[in-house]
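The values are calculated or read from the model by the stated rules, or taken from the named source; none is laboratory data. What you see is a predicted model, and the numbers here were worked out from it, not measured in a lab. Because the Cβ atoms are built from the backbone with ideal geometry, glycine has one as well, and the counts that use them run over all protein chains shown.
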Amino acid sequence: MASSQLFNSFLSYSSLVNSHSTSTVHHYMPKLVIKCNNTPIAVNNISPPPPSPSNINFSAKYVPFNSISTNTSTTESYSLDEIVYRSQAGGLLDIQHDMEALKQFDREYWKTVFDSRTGTTKWPYGSGEWSKKEWVLPEIDNDDIVSAFEGNSNLFWAERFGKKILEMNDLWVKHCGISHTGSFKDLGMTVLVSQVNRLRKMNVPLVGVGCASTGDTSAALSAYCAAADIPSIVFLPANKISMAQLVQPIANGSFVLSIDTDFDGCMKLIREITSELPIYLANSLNSLRLEGQKTAAIEILQQFDWEVPDWVIVPGGNLGNIYAFYKGFKMCQELGLVDRIPRLVCAQATNANPLFLYYKSGWKEFRPLKASTTFASAIQIGDPVSIDRAVYALKNSNGIVEEATEEELMDAMALADSTGMFICPHTGVALTALIKLRNSGIIGSTDKTVVVSTAHGLKFTQSKIDYQSREIKDMACKYANPPVKVKAEFGSVMDVLKKYLSNTRLH
Ligand SMILES: Cc1ncc(COP(=O)(O)O)c(C=O)c1O
């Protein structure tokens, strides 16, 4: 057991769990109880956690992303209660926290606060994400939060995959897709829908929330909006998402438009529509989403007891998530919880690889492209909205971009599944990047490496069925494991089993 977990199981700072009912931290006297065999044996006279100045107001605001990426000061900023998606110059926005306020608490304070809240039933702090509320959306009232207790996702030690395929002993898969709607999008959507909920309570005239989606964003948006009784409208590219993804917004009561175009076409339309109608834009152009998604990075560090992995590999499409990971890691470094950040790898499907081509050109020229069909359908994007954010994240983390062909990503997915996982094709893209970087020696055998799994494999069963039944044109499907047809009689079953068992090891 990691030392801080051990520590926490003996010491319960009950006041810490309960002290933050608003964004203001009040001076508290910690009720420190030492437990032995669950019996309290000593109370008080033990130094409290680091001092907490009273009445600290944590806050955050929108600023032009450009001012962050060029490290220049700006007078342009917007309250999070304003409806604004772009800077005056038409560029991306970012959310800037009052770091000086957060820095008034030292790293041990934040670690203890996060550890003491995570996984509890205390609203809303038991959510892996809202356990870090002051770092995410500090000013929102707890009553306005719309949460399904997202986060706290499994950081899976991929022991067999690592050892068998890559000679790695320190390989981990962060299962962000084992979540309320089956993808990491829940992390961003809880923040965005909570903020919309707050705005509507403030009588800001918003009739609903809308998004263009390759499937997972619409699933998350519809669920969180339905929970808060907020109308949601989703634009989906016709015939380009899985049935499981399509049924999610339908079941959750969204107004679903199936549009005869691709994701980039839907994105263009929703931007035009949201500038005309009082519909709040929920795509990751909206930086609120990334504030939630960044908590996956913080959670990885927390799960490793604040030991920094060497590599984190993220599949990328619209490219918000790769930046969100960078932001989460960087915030931990700036607030002193870690002393470095991991190297980031963004993995793209070869059929939708504008970032990869840009990287290969030495960051000389970015060219949006028409993405081709890919089994990794959620990243079939040729004109990513967050391209500038992704480039910034990669340049500042000594990052790398890799790509995966259809055959490579499907083989990687099947290999991973054969070791007990059940991953989505996008995670297959990330695993392909890992395999390539490991084979070229860039990722070493002892490097602590995290592959981010972005969606649940059960959303993509059709592609798995096609692969396992070797029904994909021009693909060998070399790791397929199709069922054996056998007559319903004892002799036939015995023959088949004997043949199978003769090739099977006892141990
Ligand atoms: C399953 C899955 N993986 C990866 C991504 C890519 O994330 P981003 O668009 O932020 O790059 C998405 C987003 O659509 C997704 O749904």
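For the range 237-257, a residue qualifies if it is over 19 Å from T461 (Cβ atoms) and buried (at least 24 other Cβ atoms within 10 Å of the Cβ), and exactly one does: S254. For the range 216-241, filtered to residues that are of a type in the set (D, E, K, R) and part of a loop (DSSP other than H, G, I, E, B), the residue that is farthest from the ligand (Cβ to nearest atom) is D229. Within the range 258-280, the residues that satisfy the criterion of being within 11 Å of Y85 (Cβ to Cβ) and surrounded by fewer than 22 Cβ atoms within 10 Å (Cβ to Cβ) are R271, S275. Test V234 against the stated conditions and say whether it is outside the structural domain of L458 (by TED's automatic domain parsing), under 22 Å from the mean Cα position of the chain (by Cα) and modelled with pLDDT of 95 or more. Yes, satisfied. Considering only residues in the range 435-461 that are in a helix (DSSP H, G or I) and within 15 Å of the ligand (Cβ to nearest atom), the one that is surrounded by the most Cβ atoms within 10 Å (Cβ to Cβ) turns out to be F460. When restricted to residues that are within 12 Å of the ligand (Cβ to nearest atom), outside any loop (DSSP other than H, G, I, E, B) and small (G, A, S), the range 378-421 contains 3. For the range 136-152, the set of residues classified as crowded, with 24+ Cβ neighbours inside 10 Å and over 22 Å from H175 (Cβ atoms) consists of L137 only. Note on the range 284-341: among residues that are part of a strand (DSSP E or B) and within 12 Å of the ligand (Cβ to nearest atom), the one that is farthest from R117 (Cα to Cα) is P315. With respect to S194, determine if the residue is touching a helix residue (DSSP H, G or I) at 6+ places or on another chain (Cβ under 7 Å), within 16 Å of the ligand (Cβ to nearest atom) and small (G, A, S). For S194, the condition - touching a helix residue (DSSP H, G or I) at 6+ places or on another chain (Cβ under 7 Å), within 16 Å of the ligand (Cβ to nearest atom) and small (G, A, S) - is not met. Among the residues of the range 477-485, is any within 16 Å of the ligand (Cβ to nearest atom) and closer than 30 Å to Q248 by Cβ? Taking every residue of the range 477-485 in turn, none turns out to be within 16 Å of the ligand (Cβ to nearest atom) and closer than 30 Å to Q248 by Cβ.
Contact annotation: no residue pair with Cβ atoms under 7 Å, 6 or more positions apart or on different chains, pairs a residue in the range 203-220 that is free of Cβ contacts under 8 Å to residues at least 24 places away in the same chain with a partner that is part of a loop (DSSP other than H, G, I, E, B) and within 10 Å of the ligand (Cβ to nearest atom).
All conditions in (1) touching a strand residue (DSSP E or B) at 6+ places or on another chain (Cβ under 6 Å); (2) away from the ligand (no atom under 15 Å from the Cβ) hold for E471, with the sole exception of (1).
The residues on offer are F375, F366, and the sole one that is assigned to a loop (DSSP other than H, G, I, E, B), within 12 Å of the ligand (Cβ to nearest atom) and in contact with a helix residue (DSSP H, G or I) (Cβ under 9 Å, 6 or more places away or on another chain) is F375.
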